[in-house]
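Here the structure is laid out as structure tokens; the discussion comes afterwards.
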Amino acid sequence: MPVTSALRRALVALAVLPLLALAAACGYGSQAVEDTEQAVAGAPKVDGLDSVRIGYFGNLTHATALVGRHEGLFQRELGGTKAQYSTFNAGPSEIEALNSGSIDIGWIGPSPAVNGYTRADGKNLRIVSGSASGGVKLVVDPEKIASVRDVKGKRIATPQLGNTQDVAFLNWIAEQGWKV
């Protein structure tokens, strides 16, 4: 029995739907993962705020935020104001969250911070402090890369286009006289 084009389209749609659902569940790029701490019972709220939404990366590059959260330092300082946390994988995603008002404060690398500040014409973002420096490293397989010469022509991954590691790597490549 021949398969009609309408039936063929229906079968293709049924086959593709689970893949679309999986793609939607996985998301694209860096997804924030929200979590909430309990406010300190009976403590006054900071500036009358019910909550403060804090963004950071869930890795060692954001040790200040990781320790502050883990040790309860932020929640203690916020008292009756609830700390709500969102973790991000890369700076451009966190900057989008800051610019859209999805988070109130965040730890972020210098490149996304400056890009976000200039995109907003300095109107809705303020860079208030540095909390760490250094830490950008190129991690390689020592079996394949033994010197700088061995990097040329290789495929290199950075967490996200425009993040601090990406900008630092592009700068390093330019210093080597290489083109991307």
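The values are calculated or read from the model by the stated rules, or taken from the named source; none is laboratory data. These numbers were taken from a predicted model, which means no experiment stands behind them. Quick reminder, even Gly has a Cβ in these numbers, built from the backbone with ideal geometry, and neighbours come from all protein chains shown. Just the protein is used for accessible areas: all its heavy atoms, side chains included, with ligands, DNA and RNA removed. Shrake-Rupley method; radii C 1.70, N 1.55, O 1.52, S 1.80 Å.
Numerical summary
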quantity	calculated
Linear extension gain, Ser147 paired with Val114, 0.36 nm per residue minus alpha-carbon span	8.7 nm
Taking the stretch 82-180 and dividing mean pair separation by its residue count, relative contact order in percent (alpha carbons under 8 Å, at least six apart)	30
In the stretch 42-146, trypsin sites (Lys or Arg not before Pro) in a DSSP loop with at most 12 other beta-carbon atoms within 10 Å	Lys123, Arg126, Lys137, Lys144
R0 of 30 Å, Cβ-Cβ distance Asp50-Asn99: FRET efficiency to nearest 0.05	0.85
Which of His70, His62 is most accessible, then next, and so on - probe 1.4 Å	His70, His62
All lysines inside 29 Å of Lys45 as judged from Cα atoms, apart from same-chain residues fewer than 8 positions distant	Lys82, Lys123
Set of lysines with alpha-carbon distance to Lys179 below 16 Å, sequence-local pairs under 8 removed	Lys152, Lys154
